[in-house]
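Asks: Quick one: the structure is below, and I'll ask about it shortly.
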Amino acid sequence: RLNDAQRYSRLKAAAQMSRGRLSPAAVEALYGKKPRMSASKVDRFSKCRFSYFMQYGLNARPYKPAAFTPPEIGTFIHYVMENTIRRVRELGGFKRVDDAALEELCQGVIDKYIHEELFDFGEKSPRFEYLFKRICADAKQIVAATAAELRCSDFEPLELELNFAKARDIPPIELGGEDGTITLTGVADRVDGWVHDGKLYLRVVDYKTGKTEFSLNDVYNGMGLQMLLYLFTLEENGAEHYGASEIVPAGVMYTPARNVLVSMDGEPSEEDVRQAREKELRRSGLVLDDDTLMEAWAAGKDKRYIPAKFSSNGSVKPDSVASLERMGRISRHIKDCLGEMARQIHGGSIEADPFYSSQKELECPKCDFYNACYFSDGENGEHYRILPKLNDKQVWEMLEEVKDNG
């Protein structure tokens, strides 16, 4: 055990260390000639380069007790969604499968998972079995909500778990330049399509078991790029894959894949509870500004499945949707962000540069590598990156300013 003097000496020495910069040989040894970047890797690098280096360069891992963790719950929910939707497609789609048949299909998928992945609970405790069956009930509700969404839409699922690294007729997503490139990998949970006037409109759907919401502010700051990147990649390179003459980017959508409990005063009616739950489970994302498209996205007066913001009179708020011109601007911005990221990675950057937009969103205390970092704002040239909170209107104005200055 270290005494107080030794501990102080080591902490002082660590604080005075320069993080330096990886050599080109070290970069290639750790990441390869063309680093493969998933959505989580892109977000991690955007949040802090040193944290990225620790997790994906050194493969450092914090200690975690064995349990059925949230990532495993997410994997299970994705499994149920993918395989249930696949079976429904084989039967002609959600409009041809009633609720009773849907529940039976969903239960069959769950039973298969329990048998093949959990070995019929043979080595699990009664408590695990009880908790897992509660998750199964949540999964059924999530499938039912997806069915309700697709029954009122002209969009149909075209892809389930589209892996961009394995799609043979879609070129690899490579970004960068003379200073080095990165290869983007990832899986789109669902890609839906709608054919109109000879054009294929595509939307990318991502299931979220947590409370993550789409944020233009995050995209502007280099985070949460994956869905839009998938969409624009399919727009540019997906014509052969889908046999389409022209692809139009219809939008992206985060779909909650979780159940919620709502707290309400008094004795609310079933309808009040339903509306409160739907508010908690609202979709978020970005939609092409086109009235005909929105009607195809969700027919009728009920527009709760469209991830746009509406005024009290039912009109869409202009800054919550995007024209084709705006889609083009944000596509260029994403490529610029990832191009700069490629340059920094190949340049060996491992600075501790966590972002700071509010005390609530401060990354350092949540970081797995906080105790290995010794980051101290204002010392040794290290500072938080201050990321102001921008609303949608401000983001579009900033992107327009970049265009004008460019």
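Asks: Of all the accessible heavy-atom surface of the chain, with the other protein chains kept in place and a 1.4 Å probe, what percent is carbon and sulfur?
Replies: 49 percent
Asks: Continuing with the same structure: Heavy atoms of the protein only, probe of 1.4 Å, neighbouring chains included. What is the accessible area of residue 111 in Å², nearest 10?
Replies: Here the accessible area works out near 80 Å².
Asks: If I fit a long axis through the Cα atoms of helix 392-405 and take the longest principal axis of the Cα atoms of the chain, what angle between them do I get, 0 to 90°, rounded to 10?
Replies: 60 degrees
Asks: Compactness ratio of segment 124-256: Cα Rg over 2.2 N^0.38 Å, N = residue count?
Replies: Dividing the Cα radius of gyration by 2.2 N^0.38 Å gives 1.25.
Asks: Another question, then. Students often forget the sequence filter, so: which lysines lie under 20 Å Cα-Cα from residue 301 once same-chain residues fewer than 8 apart are removed?
Replies: Of all the lysines, those that pass the test against residue 301 - Cα under 20 Å, at least 8 places apart if same chain - are 95, 279, 309, 317.
Asks: Roughly what angle does helix 270-280 make with the longest principal axis of the chain, taking Cα atoms, 0 to 90 degrees, to the nearest 10?
Replies: Approximately 40 degrees, to the nearest ten.
Asks: Which distance in nm do the two modelled labels at residue 313 and residue 325 give, with both placed 7 Å along the Cα-to-Cβ direction?
Replies: 2.4 nm
Asks: Give the calculated FRET efficiency between residue 151 and residue 23 to the nearest 0.05, with a Förster radius of 51 Å applied to their Cβ-Cβ distance.
Replies: Efficiency for this residue pair is about 0.35.
Asks: Would any residue of segment 124-145 have its amide N under 17 Å from a label point 7 Å out along Cα→Cβ of residue 107? List them or say none.
Replies: Hits in segment 124-145 for residue 107 at 17 Å: 133-144.
Asks: Given a Förster distance of 51 Å, report the FRET efficiency between residue 377 and residue 98 from their Cβ-Cβ distance, rounded to the nearest 0.05.
Replies: According to the calculation, E is roughly 0.30.
Asks: Any idea which of 292, 248, 228 is furthest toward the positive side of the dipole for segment 158-301, if Lys and Arg beta-carbons carry +1 and Asp and Glu beta-carbons -1?
Replies: Comparing the listed Cα positions along the dipole, 228 ranks first.
Asks: Once you have the alpha carbon radius of gyration of segment 316-361, what is it after dividing by 2.2 N^0.38 Å, with N set to its residue count?
Replies: In units of the globular-protein estimate, segment 316-361 measures up at 1.67.
Asks: Let me ask something else about it. Return the FRET efficiency for the residue pair residue 295, residue 127: r is the Cβ-Cβ distance, R0 is 51 Å, and the value is rounded to the nearest 0.05.
Replies: With a Förster radius of 51 Å, E is 0.60.
Asks: Quick check for you: with a 1.4 Å probe and neighbouring chains kept, what is the accessible area per residue of the chain, in Å²?
Replies: Ligands and nucleic acids excluded, the figure is 55 Å² per residue.
Asks: While we're here: Taking only Cα atoms, what is the 0 to 90° angle, nearest 10, from helix 226-237's long axis to the longest principal axis of the chain?
Replies: 70 degrees
Asks: Would you tell me the accessible area of residue 396, worked out with a 1.4 angstrom probe on the heavy atoms of the protein chains, in Å² to the nearest 10?
Replies: Near enough 10 Å² of accessible area.
Asks: Looking only at Cα atoms, what is the convex hull volume of the chain per residue, in Å³?
Replies: Dividing the Cα hull volume of the chain by its residue count gives 212 Å³.
Asks: Taking the Cα-to-Cβ direction at residue 362 and at residue 60 and moving 7 Å from each Cα, how far apart do the two end points lie in nm?
Replies: The two pseudo-label positions are separated by 2.0 nm.
Asks: With a point put 7 Å past each Cα toward its Cβ, work out how far residue 179 is from residue 197 in nm, to one decimal.
Replies: Placing both labels 7 Å along Cα→Cβ, they lie 4.1 nm apart.
Asks: Just how large is the dipole of the chain about the Cα centre, in debye to the nearest 20, putting +1 at every Lys and Arg Cβ and -1 at every Asp and Glu Cβ?
Replies: That gives the chain a dipole magnitude of about 1440 debye.
Asks: Ok, one more. Mind checking which aspartates and glutamates have their C-alpha under 13 Å from residue 34, skipping anything on the same chain fewer than 8 residues away?
Replies: 174, 178, 179
Asks: With a 1.4 Å probe and all protein chains kept in place, how much accessible area does residue 248 have, in Å² rounded to the nearest 10?
Replies: 10 Å²
Asks: Excluding same-chain residues fewer than 8 positions from residue 211, which aspartates and glutamates have a Cα within less than 13 Å of its Cα?
Replies: By straight Cα distance, residue 211 reaches 280.
The values are calculated or read from the model by the stated rules, or taken from the named source; none is laboratory data. As the structure is a prediction and not an experimental result, all values here were calculated from the model. Counting neighbours? That spans all protein chains shown, and the Cβs are built from the backbone with ideal geometry, glycine included. Just so you know, the surface numbers come from the protein's heavy atoms only, side chains and all, with ligands and any DNA or RNA stripped out. Shrake-Rupley method; radii C 1.70, N 1.55, O 1.52, S 1.80 Å.
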